[in-house]
Every structure is written in C-alpha cells, then in structure tokens.
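Student: One structure coming up, written as structure tokens, with questions to follow.
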Amino acid sequence: MKPGALLDDITARALEFRWLRTALAPASPYGDRIFERIVPFAPGEEAQAEARARRVAAIASGFSSQTLDAMRDVFRNAPDASNAIARASMGDTLSDANLLELQRFFDACVRLDTLTDENAALPRVASAAVVESARRIELGRAGKFGFYLADAFDPALERARSSLAQAQAEYDAARGRATAAIATLLGREVEPNEFIVMRADLNGALPDGVRVVREAPTYLLCEIEETDATLAALDRRDALATAAAAAEETVRRALTDAIREHAAALNAAADAFGEADVLVAAARFTQTHDCTVASIVSEPALHATGACFIPLELELEKEGRHFTPISIAIDDVAVLTGPNMGGKSVCLRTCGFIAICAAFGLPVPASNAAVALFAEISWLGVGADDEPGGLLSSFAREVVRLRDLLKRDRRPLFALLDEFARTTTPREGKALLVAVLKRLQAIGARGLSATHLAGIAPAAGVRHFAVRGLRGIPNRPATSDLHQALESLASSMDYTIEEVTDEAAARSDAIALAALLGLDERVITDAYDVME
Amino acid sequence: MHVDVGDAILRLAQETGAPSLVVVGTGKNVGKTVAMRAIYRAAVARGIAPGLTSIGRDGEAIDVGDAQSKPRLFLRAGTALATARDVLPASPASEMLELSLLQTAAGRLAYARVRSDAHYELVGPPTASGLREAIDTLLHHAPYAIVDGAVDRIAALAGGRDAVVVACGASASPTIDEAVSDVRALVARLSIARYDGREEALRIEGALTPSRATQLIREGEKRAIVVRDPTQIALSGRGALHALERLRVRCEREIRIVAVTVASIGRDRTFEPRMFAHEVASATGVPTFDVYASERAA
C-alpha cells in the first residue's frame, strides 16, 4: 500500500499513514505482494473507489469476527508456493519441500473457500487448476499435513526402493557380522566407525579386519575394514541407491510437469488468495473500528459525521478516556479556531485520515461521510517543521513546503494547515495566512486551516469553524497529577465544531488551561489582570 | 570399564524425565557429534525414533569452518530431524513434515522424517530461541529429541527442559590440566544450584558478567547471587571457577548435566585416554565416558 503522489512523507507521518498500513497488513506473503501494489484511487475513479469500499464492507458485515480471524489463520499458515510455481514454469524439477508448499497452499485454498461459503464479495480461490493439481499430488500426503514421494506414485519407484532396502539390509547385516566378530575378539563393544584400543588391553595383535588409523603411546585409534563381502554388498547398495534416486526424480519430474501445465491458473489462484487476504484484513479493520462506506463524490468536498481519528482514539482508550467524534462539512477552504487542547489539530488529522481511507477504497471511521478523491493531501504547519531542515528555520521550512506544494499544483488539493506561520510576527503571519488561503481558494483547493490568529476568515473571505471550548473553568486537581488535569479538562471541554460568524467570540482559554495544568497561581492571577 | 556409552548416557538422561538431550562442548572438535551419534544409535536400538537437530551446522563430511573431515550422521528410517531444507538429500526422499520460516546458515529450516536409511547433515537454527522452537516442534513428531550443540552456544539451554551432556577433548586445550580445568569450569557454571528462597538474595537482571562478578567479590557480597538460569553466567575457564568459589551463585531454573564425554584424540594432540577420563570424572563429579574407548571412567 503506497501513498504515491497522494501524500508526501511529512503528511503521511502527520496523518499516521504508517499506522493505517500496519492495521491493514495482510497475513500471508500472497497478500503482501498484492498489498504492495495498492495505490490510491485517483480523481475520476470515484465509482471504483466506492465499489471497493462497499466490497470490504460487505465482507465485514457478511462474516463474524471469528470467521474473519479463522480466515486470517488460513492466510497466516499458508506457505508461499509462488516460488514453486515459478520453478515449475521455468522447467526446474520441484523439490519435495516445494511439493509440500504446494500441497499446503492447495489445502489453504480449499479451507478458505469453505469459510467464505460462496459469499460473492470474496473471490473463490480453489479453482479447477488448484483442484486438479491438488489431486495429482494427493498421493503424497503423509499423515494430515506432510508430504512424501510415496511408492504409490509409480510402481517402478516402489520396486526400486524395495530393492534398495533389501541391499541396505544385506550390507548392514554383513557389516554387523564383521563388527560383532571383532567385538567378540576384543571382548568389548566397538564403535562401528572409529574406536580406541588400549595397548595395555591388547593381548597380542589386533584382530584381522581392524585397521589402525593412528598410533599413540598408550592406545591405537582403529576402524573396521570393509571385507570382500561388505564391499560387494556396498557396491550393490550404491547401484540400487542410484536407481532409486532416478526413479524418485522421474516421479518429481512428472509432478512438476503437472504443475507447469496449470502454472498460469495457479498463479491466478495465488493472486486471488492474496486479494482475499487483503480484503479480509480491510474487513477486519472495518469491523474493529466500526467504519462505514462513504459516498465518493466527484465534486471536491469532505463531509463527515461522527468521524474518528483511530490512532488517537486507541491511545485514549488505553488511558481509559474517550475520543469525541467530530462532525464537519468542508466544501471549500475554511478556518478553524478554538481553545488550546480543544482538538483543532485532531480535527485536521481526522479529516485527513478519512480522506486517505476514501482514497484507498476503504470504509471510513465515521457514522456517515461523503468524500471526494483528492490528487494530493498536504499537511503544513505543526509537525511538518520537525523535519531536519539544515540551515532553514521553522518558518522557512513551512514556506518552502508551501512553495513546492503550489508549484506541484495537483488538483484537487486537500490542504490541512495547522497554525501555519505561527513562528513569525502575528501581523505578518496573519497577512501571509490570509494570502495563502485566498490562493488555495483560487486554485479550487479544499481544506482547513487551524489558527489562533484572529480575523483570518473574514479577511480571506472563507468560512470560519470553531471548537466550542470550555464550558466553564475546570477544577484544578488537588495534586499536580497531569493525568487528572487532562481528565478534568476533557470533562469540561465541549469539542463540538460549529460554523461561527461572530469573530469576537473566538477564544483560546489559554489562561484557564495553564491554571489547570498547574502553573503558579500568581502568574495566572497576573495574566487575568493583564487581560482585564 | 567397557560399556555401551550411548546406551549408558541415554539411560542417565531418561532417568531425569527430560524430553530432550543436548550435547554441548568446551570447544570445537571435542567429540560432540560422535557422542550424539552414539546416543542416537542407542535410542534406535531401544526402538525410539528420536528427533535430531543442531545449533548451527553438523553432520557434514567436511567441516566448513576448517576443511577437516568430520563424522557424518547416518540416520535410520523413522528418525525426525530439523535441518535446512537445502541440505536435505534429494534421494532418498524424506517425508516432509513442516516448513519453518526460521533461517539457518543454509536457508530456511524444514522438519522431515527419514523414510530410507541415509546420511544426513544437520543445519539447525543459529539462535537460542530458534533452537528452542525447533526442539518444541520436533517433539510433536518424535518422542525424544537429541541436539548437537554448537561451540559454546550455552544460551540455547535457557528455558528448556533438556538433559545436558558436556563434551570435552584434546582439540580444545593444549594440556590435560587445561582441558580438565575448562570442563570443570563449564560443569560448575551449568550446575549451580537452584535458589531455595530462604536466604537473602541479590537478583541479577541479565547476565552475571566478569566485571560484575569482580565487583561483588571485591565488595565481599555474602548474599545469594540469583540469576535466571546458568546460561546467564557470562564467565568461563578459571575466571568462572574463581568467581563461583567466592560467590554463592544460585539460579531460578536449573540445568541437568547427566554426563561428560571425553575425546582424547585431537587434531593436533592426543591425551592418555584413561588418565584424561579419570581426571575429568574426579574434577566434575559427573559420570564420564570415553565414546571412542567405549569406557566409563572409574
């Protein structure tokens, strides 16, 4: 799953694209290959994007989470047989390990089809080629999951092995007799390979058939010589081993030919298996995060009700807190204001995340949404200047990114500006931001600009949204515990976003927040005095 | 005393109730594979079809490290093994049991069963965790597992329920005294007693390193020094003996050493076999066997 031109690295990081990738990762190497090829749908492909999201949603609603997890197990446990299929196609003879891979892959296909139960949203993977190839190698099934180049494949193989086993037994017997005879003569057990005879234990010469490999002052390192009888048995065994090897290779060749005959169809089955893996991963994501299919609209816009930024939602859940869903309608470029810690950046990230999900043909984390496909989603401002920029200041880095973005001119653009130009003087920052918003309007971009600067919206001629903010001054916790302070803040904050017309109503609640976070009370009092 | 060494060691190992046996060595070419082969033959003679693997590479005709000839493994039908799939002989065909994603020095690991007697090479996982996974999987396919440990890969013993055989030999040390000292240190290290929980203890997270041991000795530490298991004692040779004599080192999980084997024949030197075996037995207090001489040390 590659962002292509949709996101640059900074935007991908700000909108947690890597998290999304991980959350959607398939379980098998077949799925990995398909997943790597996934790119966002481009403007003009609205029908395809929505169709894919509907397909994912149909899988999510058509199967229980247990069934989807069982499918994930099938994908996870399927060995990668692609190399075996490729080797067969190229004329190589498959190894027994390859044949086991294929057998397991065919088993996985059948198991998956059983689980999917002819649900049309998932591809059937056990094609006729899979069934026929599985039938050809089924004779090799050993136990439930193993593979052995069984005698049943070819009577000639059975005969060759039987002869070899007999020759091996004859050699073992001849060798055993020689070893036993020497053991009797020495009056002790001897290793069939090398063994030591202590000179002190030796009463006379070594028995016939014992060869000295190495002499030491107190002992002799010996081995048992092959006799004429054992050598003859060994020759017979080796000849029959060669014949058995040839018979085995003949069977492997025949099985390989059977696979090669269906190679194209088996590759298609492998692709279908991978596609199913990717779809099931997306469906599981959809179930887990309660996503819905967005209407993919051709007119650039993003409307969402009850939208969530899942990475943050999960982080909050870990701390026993809740994400307050966001509702917003963006039909142009708009300004978003509100108090510190009121969720302005989260609103931007939520919108960006939803736009990404829609672009990849996924159901979105919202109760209702209508989203366009954008040519580029771009994040500017807080977070973007974390990048090492050499000699450039934070402000300069922002400007360079903006310059490049406007130069690329990918339309329609979805721009998310988080406190753009906050690091310069308020007067010039405001002027610059107003000008940028006008320019974005002029090129037909859509997006949101979160800012603390006052009067931006009327100056730029754009709509103004605001977070409602604190319902009152939250209670300062008795201790300086940050977790408690955040809980108190969350319970006092109204995260609702609404369009406003009264510029004077915008506030940041910064002093109240500073008090809540434990700043010295004298400083807080002075600050309120200055405000008055 | 002449004995069937493989059978004697196997009996000692099985008496512990351990499902697996690992042969570890004080160095390279100290007879680990010879000992393993003897134990394997004894198992087969008793009607046990064991599972075999190694940490690293073993069973090849030529040592890939030093180009010297090495003992090979001739395995009987029914034996299970965990080895690199690329070193499995094409013929005679083996029954393929499972394919693993674990990597070895010769490619991915495979589990197979010998269907026709043949020579095999063992190339097992190089990591301790990989080896543990391989042993656990082998035990699904075989009633007993025998493992050829690599040179000083003691970490592979951590977390297992193995019986352990320590192999020592003339190849690893220039004199008998040094060979005896080395094996005594290794056995002492691996045999430390289990912490009984009754005495005051200093628990060591991770390894007991030479510098930490030196510091504890210097401070006159009297408490029990508790490590997770003996593989966490990162001391060897005389340094290990010195530290273990001065500190009361204990572990949470014991390792069961059942025997020591001696190989008096080295590549560059030989020791007098009976003297060597006798001194090793006296120094370690563990049943000691000479596989080549088919003897148990008096």
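The values are calculated or read from the model by the stated rules, or taken from the named source; none is laboratory data. Bear in mind that the values here come from a model prediction, so they are computed numbers and not experimental data. Note that we place each Cβ from the backbone using ideal geometry, even for glycine, and neighbour counts take in every protein chain shown.
Student: In the range A:329-380, which residues are assigned to a strand (DSSP E or B), of a type in the set (Val, Ile, Thr) and more than 20 Å from residue A:499 (Cβ to Cβ)?
Tutor: The first filter runs over the range A:329-380 and keeps only residues assigned to a strand (DSSP E or B), leaving A:329-330, A:333-337, A:364, A:368-372, A:376-380.
Narrowing further to those that are of a type in the set (Val, Ile, Thr): A:330, A:333, A:335, A:337, A:364, A:371, A:377.
Across the range A:329-380, the qualifying residues are A:364, A:377.
Student: Output the residues belonging to the range B:22-76 that are among the hydrophobic types (A, V, I, L, M, F, W, C) and at pLDDT below 70. Talk me through it step by step, then tell me what you get.
Tutor: Narrowing the range B:22-76 to residues among the hydrophobic types (A, V, I, L, M, F, W, C): B:22-24, B:30, B:34-36, B:38-39, B:42-45, B:48-49, B:52, B:55, B:61-62, B:64, B:67, B:73-75.
Those that are among the hydrophobic types (A, V, I, L, M, F, W, C) and at pLDDT below 70: B:61, B:62, B:64, B:67.
Student: When residue A:149 is evaluated against the numbered criteria (1) assigned to a helix (DSSP H, G or I); (2) hydrophobic (A, V, I, L, M, F, W, C); (3) within 14 Å of another protein chain (Cβ to nearest Cβ), which criterion, by number, is the only one it fails?
Tutor: (1)
Student: Of the numbered conditions (1) buried (at least 19 other Cβ atoms within 10 Å of the Cβ); (2) without any contact (Cβ under 8 Å) to a residue 24 or more places away in the chain; (3) away from chain A (no Cβ under 13 Å), residue B:93 fails exactly one; give the number of that condition.
Tutor: Unmet for residue B:93, out of (1) buried (at least 19 other Cβ atoms within 10 Å of the Cβ); (2) without any contact (Cβ under 8 Å) to a residue 24 or more places away in the chain; (3) away from chain A (no Cβ under 13 Å): (3).
Student: Take the residues in the range A:93-121 that are without any contact (Cβ under 8 Å) to a residue 24 or more places away in the chain and under 27 Å from residue A:252 (Cα atoms); name whichever of them is farthest from the other protein chains (Cβ to nearest Cβ).
Tutor: Per the stated criteria, the residue is A:98.
Student: Let me ask you something else. With (1) within 14 Å of another protein chain (Cβ to nearest Cβ); (2) over 19 Å from residue B:29 (Cα atoms) as the list, and residue B:169 as the residue in question, which single condition is left unmet?
Tutor: Among (1) within 14 Å of another protein chain (Cβ to nearest Cβ); (2) over 19 Å from residue B:29 (Cα atoms), residue B:169 violates only (2).
Student: Would you mind finding the one in A:197, A:212, A:190 that is within 11 Å of chain B (Cβ to nearest Cβ), in a strand (DSSP E or B) and either without any contact (Cβ under 8 Å) to a residue 12 or more places away in the chain or among the β-branched types (Val, Ile, Thr) (or both)? Please lay out each step first, then the result.
Tutor: Values: A:212 fails: within 11 Å of chain B (Cβ to nearest Cβ); A:190 fails: in a strand (DSSP E or B).
Result of the check over A:197, A:212, A:190: A:197.
Student: Which one of these is surrounded by fewer than 18 Cβ atoms within 10 Å (Cβ to Cβ) and in a helix (DSSP H, G or I): A:436, A:530? Lay out the reasoning, then the answer.
Tutor: Numbers: A:436 fails: surrounded by fewer than 18 Cβ atoms within 10 Å (Cβ to Cβ).
Unique residue meeting the criteria: A:530.
Student: Can you go through A:45, A:118, A:50 and tell me which one is touching a strand residue (DSSP E or B) at 6+ places or on another chain (Cβ under 6 Å) and under 30 Å from residue A:291 (Cβ atoms)? Full working, then the answer.
Tutor: Details: A:45 fails: touching a strand residue (DSSP E or B) at 6+ places or on another chain (Cβ under 6 Å); A:118 fails: touching a strand residue (DSSP E or B) at 6+ places or on another chain (Cβ under 6 Å).
Of A:45, A:118, A:50, the one residue that is touching a strand residue (DSSP E or B) at 6+ places or on another chain (Cβ under 6 Å) and under 30 Å from residue A:291 (Cβ atoms) is A:50.
Student: Take the range A:158-186 and flag every residue that is within 8 Å of chain B (Cβ to nearest Cβ) and over 24 Å from residue B:33 (Cβ atoms).
Tutor: Answer for the range A:158-186, where residues must be within 8 Å of chain B (Cβ to nearest Cβ) and over 24 Å from residue B:33 (Cβ atoms): A:161, A:164, A:165.
Student: In addition: Of the residues A:53, A:84, which single one is of a type outside the set (Ser, Thr, Tyr) and within 14 Å of chain B (Cβ to nearest Cβ)?
Tutor: Values: A:53 fails: within 14 Å of chain B (Cβ to nearest Cβ).
From the options A:53, A:84, the qualifying one is A:84.
Student: Could I ask something else about it? Based on what the data block shows, is residue A:75 away from chain B (no Cβ under 13 Å), more than 30 Å from residue A:360 (Cβ to Cβ) and under 25 Å from the mean Cα position of the chain (by Cα)? Give the derivation first.
Tutor: Numbers: away from chain B (no Cβ under 13 Å): yes; more than 30 Å from residue A:360 (Cβ to Cβ): no; under 25 Å from the mean Cα position of the chain (by Cα): yes.
Spelling it out, it is not the case that residue A:75 is away from chain B (no Cβ under 13 Å), more than 30 Å from residue A:360 (Cβ to Cβ) and under 25 Å from the mean Cα position of the chain (by Cα).
Student: So which of A:133, A:162 is in the same structural domain as residue A:55 (by TED's automatic domain parsing), part of a helix (DSSP H, G or I) and hydroxyl-bearing (Ser, Thr, Tyr)?
Tutor: On the way: A:162 fails: in the same structural domain as residue A:55 (by TED's automatic domain parsing).
After applying the criteria, what remains is A:133.
Student: Related question: Just to check your reading of the model, which residue among A:76, A:87, A:124 is surrounded by 18 or more Cβ atoms within 10 Å (Cβ to Cβ) and either of a type outside the set (A, V, I, L, M, F, W, C) or touching a Ser or Thr at 6+ places or on another chain (Cβ under 8 Å) (or both)? Reasoning before the result, please.
Tutor: Values: A:76 fails: surrounded by 18 or more Cβ atoms within 10 Å (Cβ to Cβ); A:124 fails: surrounded by 18 or more Cβ atoms within 10 Å (Cβ to Cβ).
Residue meeting the stated conditions: A:87.
Student: Any residue at all in the range B:190-205 that is under 30 Å from residue B:274 (Cα atoms) and in a helix (DSSP H, G or I)?
Tutor: Initially, the range B:190-205 is screened for residues under 30 Å from residue B:274 (Cα atoms), giving B:190-193.
In the following step, the residues that additionally are in a helix (DSSP H, G or I) were identified as B:190.
Yes, the conditions are met somewhere in the range B:190-205.
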